[in-house]
Each structure stands twice: as C-alpha cells, then as structure tokens.
1. For region 227-280, compute Rh as the Kirkwood radius over C-alpha pairs and then the Stokes-Einstein diffusion coefficient at 4 °C and 1.567 mPa s; write the answer in µm²/s, rounded to an integer.
2. Based on DSSP H runs of at least 4 residues, each adding -39500 (n - 2.57), what is the mean residue ellipticity at 222 nm of the chain after dividing by all its residues, to the nearest 500 deg cm²/dmol?
3. Over the Cα atoms of region 413-507, how large are the radius of gyration and the largest Cα-Cα distance (Dmax), in Å?
4. Okay, which of region 202-228 sit inside 17 Å, backbone N to the point 7 Å along the Cα-Cβ direction of A178?
5. If each residue's Cβ is checked for other Cβ atoms within 10 Å, how do K412, K282 rank with the fewest at the top?
6. Return the subset of K380/K444; K14/K410; K444/K467; K47/K290; K246/K282; K43/K402 for which the Cα-Cα distance in this structure is over 26 Å, preserving the input order.
7. Please find the FRET efficiency linking R504 to A146, where r is the Cβ-Cβ separation and R0 is fixed at 60 Å, and quote it to the nearest 0.05.
8. Using a Förster radius of 35 Å, what is the FRET efficiency between Q489 and V390 based on their Cβ-Cβ separation? Nearest 0.05, please.
Amino acid sequence: MPAETLEELVSLCKRRGFIFSGSDIYGGLQGTYDYGPLGVELKNNLKAAWWKAMVYERDDMEGLDSSILTHRLVLHYSGHEATFSDPLVDNRISKKRYRLDHLLKEQTPGVLEAVAGAMGLSEVSLAALVARMLAEPERAASAMNAAGVVDPADGARGDWTPPRPFNMMFRTQIGPVADEESFGYLRPETAQGIFINFKNILDATSRRLPFGVAQIGKAFRNEITPRNFIFRVREFEQMEIEYFVKPGTDEEWHQRWLEIRLAWWEAQGIPREQIQVLDVPKEDLSHYSKRTFDLMYNFPTLGFEEIEGIANRSDYDLGSHTKGQSGLRIQARVMENRHSTARLAVQDPETKEWFVPFVIEPSAGVDRGVLAILSQAYTKERLPNGEERVVLRLKPHLAPIKVAVIPLAKNKEEITAYARRLKAELQALGLGRVFYEDTGNIGKAYRRHDEVGTPFCVTVDYDTIGKSQSGSPALKDTVTVRDRDTMQQERVAVSELAAYLQERLRF
Ligand SMILES: Nc1ncnc2c1ncn2[C@@H]1O[C@H](COP(=O)(O)OP(=O)(O)OP(=O)(O)O)[C@@H](O)[C@H]1O
C-alpha cells in the first residue's frame with residue numbers, strides 16, 4: 001500500500017538523506033529543495049530510465065541540452081512575456097498572498113457560489129470564474145469581500161485586493177551593465193530551447209518527420225505559493241519531448257504518446273489505476289495548446305494532481321519563432337515575428353511546399369515523478385514477530401543503492417577485507433551504487449536498507465572465509481543474499497554473484 005500522508009514521506013526523505021529544504025541553515029529559501037546522497041541517485045536513475053526509453057530505445061529521437069539563460073525575444077515570441085502568469089490576490093489583513101484559483105478552491109461551496117453569483121456566473125467553473133475576475137478586478141474584490149472569502153492561513157474572513165496577473169518568469173540581468181536592455185530570463189520550460197534549435201538539429205541530422213527531440217533540464221517559475229514539498233517549487237526539472245509531425249497526423253500521434261507515456265510510468269512502478277487522464281477543458285488550456293491530456297497521480301494527502309502534461313501544441317511554437325511567417329500557412333494564431341533569422345519549416349517531399357510541423361509535447365516533471373515514485377513505493381508492513389517494517393518497494397533500476405555489502409563482524413580483519421574486495425568487484429560491474437555497510441548490527445543494517453529501497457544485501461560471514469565452527473567447508477567463498485521484498489536469504493557462490501545480481505538488476 002502506498003504512503004498514506006505526505007508527512008511520512010517528508011520525514012523519511014529528510015531522515016535518510018533523500019531531500020532537504022534549500023538554504024536550510026539560513027532559514028530556508030521557499031520553493032527550493034536540495035537532493036541529498038540518496039535523492040540524487042534516485043533522481044538520476046529516473047532521468048536515465050526516461051532517456052533510455054525515450055531516446056536510446058527509439059529510432060525517431062535526438063537529444064539536446066540547451067541553455068537555461070534565455071534571450072528575451074525567445075520568451076517574447078513564445079508568448080510567455082504576455083501570458084505566462086498566474087492570478088494573484090492579497091489579503092490586506094494578514095498580508096498573505098495567494099494564487100486566486102488555489103484560494104477559491106479552499107472555500108466552501110456556498111462561498112464559491114456567492115462569488116460566482118456576484119460575478120454574474122451561474123455555474124462555478126473555476127477557470128471561467130478566474131478569467132471573469134481578472135477581467136473585472138474591482139468587481140472581483142467586492143465579490144470576494146461580500147461573500148466572505150476566508151484566508152486559509154487563519155480561517156478568518158479576508159480583506160481582498162483586486163486580483164491581478166503575476167508573471168512567473170525569473171528575469172535576470174545578463175552581463176556587467178545593468179541597463180533596461182541587458183536582461184534575459186531563466187527558462188520557465190525546457191521546450192523553447194528545442195524549438196529555437198529546430199533548424200540546427202534538422203541540418204545536423206537530416207531527420208524527416210515524424211521525429212522528436214528530448215531534453216532533461218532545469219526550469220524556473222516564480223510560483224506565488226510554492227507548497228506541498230517538492231510538488232510545487234520554484235526551481236525544478238523537466239523531462240520534455242517535442243515530437244514533430246505532419247499537420248493532420250497530430251491527433252493520432254497525441255493518442256499514441258498518451259499510451260507510450262502511461263506505459264513508461266507503469267514501468268517505473270506507477271500502476272495505471274493510480275493515474276487519471278484528464279482531458280483538459282478548453283477554457284483551462286495553455287495559450288499554445290490545441291488539446292492537452294494531464295496525467296494525474298493519486299498523491300497521498302493531495303489527491304489526484306498532475307505529474308505530466310501531454311499537449312498538442314499545433315504549429316504554434318515553430319510558427320511563432322520562424323522567419324517568413326506569411327508564406328507558411330501557419331494555422332495557430334501567432335504574433336508577427338520581426339527578429340528571427342531561421343526558417344523553422346520543412347518541405348513536403350511530394351508537393352515541394354514548405355510547411356510548419358505540428359508538435360506533440362509529453363512534458364513530465366522530474367521532481368513530481370520522484371514524489372510519485374516514493375509515494376507509491378513506500379510500504380509499512382507488520383512482520384510475523386509483531387514488529388513493523390518500512391520498506392521502499394522501488395523498482396530495482398530506480399533504487400539509490402543497488403547492493404549493500406555487509407561484513408558480519410566489523411572487527412574481524414579477514415571478513416572486512418573480503419567484504420571490501422567484494423564491494424569493489426561488484427562496483428566495477430556498472431550496476432549503480434554498491435554500498436559498503438558496516439555501521440551497525442546486521443538486523444539494523446537490513447532495516448536501514450529496506451527503508452531506502454536497496455534491493456539486495458550481501459553478507460560476508462565466517463562461512464565465507466572458511467572459518468565457521470559449525471558450518472561446512474563447502475560454504476567457503478559463498479555469501480548470503482537477502483531480498484528486500486521477500487526478506488528471503490539465499491546462499492550464493494561468490495563466483496556466481498555477479499551474474500546473479502546482473503540478472504536481477506537488469507532493466
Ligand atoms: N512549480 C512546479 N514544481 C514542480 N514541477 C512542476 C512545476 N510546474 C510544472 N512542473 C512540472 O512540469 C510539468 C509540465 O509543466 P506544465 O507547464 O504542463 O505544468 P502546469 O500545468 O503549469 O502545472 P500546474 O498546473 O500544476 O502549475 C508538470 O506536469 C509538472 O510535472
């Protein structure tokens with residue numbers, strides 16, 4: 001059974017070194033987290049699993065690592081300067097600041113209906129209500145104050161300001177001269193780096209449609225209220241694919257990518273039934289989207305929330321960034337581009353006509369993925385002896401530590417030397433992290449490794465070195481291998497150990 005509350009995960013993550021609050025020793029920096037010794041392994045393994053399945057195992061993909069610092073014009077023509085904003089509202093009494101849709105979601109149905117009624121809406125669709133409130137901010141403030149919208153921080157009625165859009169991009173000075181012209185942005189999504197490199201990639205690889213470009217990297221959003229641990233943060237990582245297709249084939253590819261991505265999450269240990277596919281209502285779609293499926297994972301405490309969006313971005317992005325827009329019959333509504341130096345289009349091999357490809361974009365959050373995988377793997381079990389054990393049932397390829405090598409006696413030189421040698425040999429196999437564990441008694445070591453998801457513990461004992469009083473000489477050069485999930489122990493010859501582990505850890 002997955003974790004029941006977010007709190008138990010937060011506690012495990014801190015205690016065992018998966019995730020720490022950012023800038024913690026100076027009081028913390030809201031919306032930032034640091035991945036600790038085990039967290040960095042889990043996160044790297046998740047990214048490697050994505051890259052392997054989405055790039056190496058397909059024949060229609062290329063990779064990219066574009067820069068985080070982004071030219072202002074990229075985010076101007078992408079539409080982010082004008083529209084990448086969330087609705088912000090302040091409570092004059094508590095001085096707290098909220099994202100309007102989040103604030104409204106926390107109100108009782110009665111209060112919500114009263115706000116909607118005062119805004120002249122009969123039905124309460126949150127997206128429509130927020131849009132109306134931003135269009136008429138003064139009326140919205142009166143509506144909220146009259147309806148008694150409460151501040152979730154203290155449960156008291158607030159005195160609300162008119163809502164206003166708040167752009168979520170981090171603007172930063174670039175270069176030594178601090179004038180109005182010398183600024184750029186930290187990218188709010190990795191996607192734009194792919195679009196602006198479309199021609200470079202095409203020229204370098206001679207790809208033909210359909211093909212995709214994959215990228216993993218940091219993205220930054222100045223979220224109004226970062227919250228829920230690593231679920232909503234200001235600095236996070238995305239794993240994004242921009243898959244370029246011929247217009248007219250986009251809807252079919254959109255469906256195909258939905259299936260591919262659900263199967264991938266399943267292979268990472270997230271069963272299909274724990275994910276709801278939300279066909280995002282028209283009024284909630286981003287400015288570039290023709291249609292979007294959100295994959296919503298059933299998080300403890302939070303309920304169903306997005307881990308990945310799969311959008312049909314039409315020809316909006318390449319159409320926005322291309323030069324010579326007028327000759328390309330672009331279908332999306334795009335801003336006139338007066339600056340681009342590249343034609344981001346392809347030629348139809350038969351008609352010889354130039355056109356702008358459509359884009360299907362599966363965009364997954366690494367951090368939300370890590371949280372979902374931890375939630376799903378977290379299990380509390382009652383053992384036959386009445387004790388409780390916490391075990392992270394991670395898929396072995398995601399486990400931060402693949403194998404722990406444990407000397408039974410930490411003061412017996414022959415045993416520790418043997419264990420160290422074995423650790424080095426196993427490490428050389430390239431399985432991932434192999435850990436030399438001599439920090440406690442064997443029972444404690446097993447429990448520690450259960451809790452962090454280590455699939456195998458290998459114990460070197462007196463039998464291994466041929467010095468057991470009761471054991472048989474045949475046990476020399478054998479070790480016990482304990483399985484995390486079944487807790488069964490097997491005696492395995494050291495000469496066969498590499499093959500034994502390789503078979504079970506292959507993915
Ligand atoms: N603030 C954030 N913190 C962590 N991950 C994020 C954040 N914003 C987006 N992501 C991740 O990036 C993915 C793609 O970004 P997208 O723009 O579709 O998110 P979004 O729809 O804005 O998310 P939300 O509606 O939850 O703010 C999301 O599915 C999510 O996994």
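Taken together, the values in this text are just the output of simple stated rules run on the coordinates, not laboratory data. On a predicted model such as this, the values are computed, not experimentally measured, just so you know. Heads up, the Cβs are rebuilt from the backbone with ideal geometry, glycines too, and the neighbour counts pull from every protein chain shown.
1. Numbers: Rh = 13.7 Å.
Once the numbers are plugged in, D ends up at 94 µm²/s.
2. Details: 16 runs with 160 residues, N = 507.
Helices in the chain give a 222 nm mean residue ellipticity of -9500 deg cm²/dmol.
3. Using the Cα atoms of region 413-507, the pair Rg, Dmax is 13.0, 40 Å.
4. Those under the cut-off are none; the list is empty.
5. Working: K412 17, K282 10.
Going from sparsest to densest Cβ surroundings: K282, K412.
6. Working: K380/K444 16 Å; K14/K410 28 Å; K444/K467 24 Å; K47/K290 28 Å; K246/K282 23 Å; K43/K402 14 Å.
Beyond 26 Å: K14/K410; K47/K290.
7. Working: r = 64 Å, r/R0 = 1.07.
E between R504 and A146, to the nearest 0.05, is 0.40.
8. On the way: r = 20 Å, r/R0 = 0.56.
Given R0 = 35 Å and the Cβ-Cβ separation, E is 0.95.
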